[in-house]
Each structure stands twice: as C-alpha cells, then as structure tokens.
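Asker: Next up is a structure, given as structure tokens.
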Amino acid sequence: MPETATNESHFGLIAKPAERVGLMAIELHNVVFSYDGVHRIIDGLSLAFPRRGMICLSGPSGCGKTTLLRLIAGLEKPQSGSISGIKQLRIGFVFQENRLLPWMSALDNAAIAAHAANGRELAVGWLERLGLGESLHKRPHELSGGMKKRIALARALTSPFDALILDEPFSGLDAALWKSVIYEIQRECADKLVILVTHQTEQAEVLGADIWNLDGPPLKIKI
C-alpha cells in the first residue's frame, strides 16, 4: 500500500512522526500518478534514492520532476504502486515559489518552520550565512527576488530535516551567490540526502551531485 500523504506544508517543512529509528532509503515501486486521472505524469516508475548523498534531477520543463519531488515529500500519493522510506523522514523542501508571508520580516519567515527552542537564533545564523544579516527585519516587499529565495532556503535549513529537496532553489541568484549557498548546503548536509532540480548542469557539478537525466511525461530515467 502507498504511504499516507501528509498535509502540505506551506513553509517547506514536511512534518513526520517523532519516532525515526532506522531511516530507510527512499524507494518507488511501480508508481503511477496522474493529476486528472487520464494523463499519466508517472507511469510504472521504479526508482531508489540513497540514504545520503547529493542527487540532481535534470530534464526538460514539464517532464514530471516537480511531481516526483511532491510524491517523495508525501504531498501527493500515487494512484498505484508504493513509496517506501518516507513515513518517518523529516523533509526540508525549497519550493519553486518562495512562499513568504508578506507581513512578516525576513527573520520571522526564516524561523517559522523551526521547532527548536532556539529557532530564531538558528534562523539568524542561517540568514547571516546566506548574506542577509543586514536584512533581518525587512519584509518581503523590500527585498529582491534573490534575497527572497535565500530566505526560503534559510527557512528550510533552519527546520529539522533528514532529507533536503531543492526545486530550482537558485533562481535569481548570480553565480557568486549560488556558489556560496551551495558551499553552505554542502557543510550542513554532508551526511544527509539532498535532491536538487536545476536546469544548470554547473550547479549540480559544484554541489558534487550525481546527475540523473530524466525525460517525459511520463517520467523516465534516460540511460
């Protein structure tokens, strides 16, 4: 049976049960998924992710990459087939959209998914590491697109997670900035699973990720 999908987190932390002993690798077994019940975005896909490491999903727009990420995060569930290894996994998710609350400061947005008592302190640390130390109390309308994207990244990195999903997370960042962000991700996630979607091969190479080339729909891995 498929794992039960959780409610979507607007903010990028996909909450799972507290009991997390013996985390498994993520495996998809003959997964079928369609949004409308007719056109299959994923059709009989079997795929296994490692417990840790950097993976880049590369493929044309519309091939099903984001749908795959949502299935892994438990935000969608397949019509048939199964996904194992996600039930107890805490997932940090950086969506394509920044999903910032406009009435909150950069700091409040970054800290909103933190569950630790020192969540705001952690958020300050991440915002500073991502070059936003001078903008802690600014609201989204005062910030550039690249700054908003870094707040979304800080929010995910501040949250407790076992795996990090990054759906085109570096849009709006120049090369120097995204390289500095990747350095911080590498430092934080050396023993975790990171799944990156990007159209820039150089970003995957700098991250040190294994590149999986995809095509579709329906989504498939190109050999």
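Asker: Within 21 Å of residue 194 (Cβ to Cβ) and either without any contact (Cβ under 8 Å) to a residue 12 or more places away in the chain or polar (S, T, N, Q) (or both): does that describe residue 52?
Answerer: no
Asker: With the structure loaded, tell me whether residue 177 is closer than 18 Å to residue 99 by Cβ, out of contact with any His (no Cβ under 8 Å at 6 or more places or on another chain) and either part of a strand (DSSP E or B) or among the aliphatic types (A, V, I, L, M) (or both) or whether it fails that test.
Answerer: Values: closer than 18 Å to residue 99 by Cβ: no; out of contact with any His (no Cβ under 8 Å at 6 or more places or on another chain): yes; either part of a strand (DSSP E or B) or among the aliphatic types (A, V, I, L, M) (or both): yes.
Taking the combined requirement at face value, the residue does not satisfy it.
Asker: Additional query: What do you reckon, is residue 101 surrounded by 16 or more Cβ atoms within 10 Å (Cβ to Cβ) and either of a type in the set (A, V, I, L, M) or touching a strand residue (DSSP E or B) at 6+ places or on another chain (Cβ under 8 Å) (or both)?
Answerer: Here the answer is no, as residue 101 does not meet what is asked.
Asker: Let me ask something else about it. Kindly establish whether residue 82 is at pLDDT 90 or above, touching a Pro at 6+ places or on another chain (Cβ under 6 Å) and farther than 23 Å from residue 156 by Cα.
Answerer: Criteria met by residue 82.
Asker: Quick one: is residue 181 of a type in the set (Val, Ile, Thr), in contact with a Leu (Cβ under 9 Å, 6 or more places away or on another chain), buried (at least 16 other Cβ atoms within 10 Å of the Cβ) and within 21 Å of residue 112 (Cβ to Cβ)?
Answerer: Considered against the rule, which asks whether it is of a type in the set (Val, Ile, Thr), in contact with a Leu (Cβ under 9 Å, 6 or more places away or on another chain), buried (at least 16 other Cβ atoms within 10 Å of the Cβ) and within 21 Å of residue 112 (Cβ to Cβ), residue 181 comes out as yes.
Asker: From 161, 170, which residue is farther than 23 Å from residue 26 by Cα, of a type in the set (A, V, I, L, M, F, W, C) and buried (at least 17 other Cβ atoms within 10 Å of the Cβ)? Talk me through it step by step, then tell me what you get.
Answerer: On the way: 161 fails: farther than 23 Å from residue 26 by Cα.
Just one listed residue meets the conditions, 170.
Asker: Just to be sure I understand the filter: pairs with C-beta atoms under 8 Å, separated by 6 or more residues or on different chains, first member in the range 210-223 and small (Gly, Ala, Ser), second member in a strand (DSSP E or B). Which pairs pass?
Answerer: Filtered contacts from the range 210-223: 216/41; 216/42.
Asker: Please go through (1) surrounded by 13 or more Cβ atoms within 10 Å (Cβ to Cβ); (2) at pLDDT 95 or above for residue 137 and return the number of the only condition it doesn't satisfy.
Answerer: (1)
Asker: Also, quick follow-up: Can you tell me how many residues within the range 180-223 are of a type in the set (A, V, I, L, M), part of a loop (DSSP other than H, G, I, E, B) and touching a strand residue (DSSP E or B) at 6+ places or on another chain (Cβ under 7 Å)? Walk me through it before giving the result.
Answerer: Here is the first cut: in the range 180-223, the residues of a type in the set (A, V, I, L, M) are 181-182, 185, 190, 193-197, 204, 206-207, 209, 211, 214, 219, 221, 223.
Adding the requirement that they be part of a loop (DSSP other than H, G, I, E, B) leaves 190, 209, 219, 223.
Restricting the remaining residues to those that are touching a strand residue (DSSP E or B) at 6+ places or on another chain (Cβ under 7 Å) gives 209, 219.
Qualifying residue count, the range 180-223: 2.
Asker: Restricting to the range 50-73, give me the number of residues that are surrounded by fewer than 18 Cβ atoms within 10 Å (Cβ to Cβ) and in a loop (DSSP other than H, G, I, E, B).
Answerer: Adding up the residues that qualify gives 6.
Asker: Quick check on my filter: what residues within the range 161-184 are within 15 Å of the chain's Cα centre (by Cα), over 13 Å from residue 55 (Cβ atoms) and among the aliphatic types (A, V, I, L, M)?
Answerer: Once the filter is applied, which keeps residues that are within 15 Å of the chain's Cα centre (by Cα), over 13 Å from residue 55 (Cβ atoms) and among the aliphatic types (A, V, I, L, M), the range 161-184 yields 181, 182.
Asker: In this structure, does residue 193 turn out to be within 20 Å of residue 65 (Cβ to Cβ), touching a residue at least 12 places away in the same chain (Cβ under 8 Å), in contact with an Asp or Glu (Cβ under 8 Å, 6 or more places away or on another chain) and surrounded by 19 or more Cβ atoms within 10 Å (Cβ to Cβ)?
Answerer: Judged against the criteria, residue 193 is a match.
Asker: Looking only at the range 1-48, count how many residues are surrounded by 16 or more Cβ atoms within 10 Å (Cβ to Cβ), at pLDDT below 95 and either part of a strand (DSSP E or B) or not hydroxyl-bearing (Ser, Thr, Tyr) (or both).
Answerer: The qualifying residues number 11.
The values are calculated or read from the model by the stated rules, or taken from the named source; none is laboratory data. Just so you know, these numbers come straight off a predicted model, no measurement behind them. Methodologically, a virtual Cβ is constructed for each residue, glycine included, from the backbone with ideal geometry; neighbour enumeration extends over all protein chains shown.
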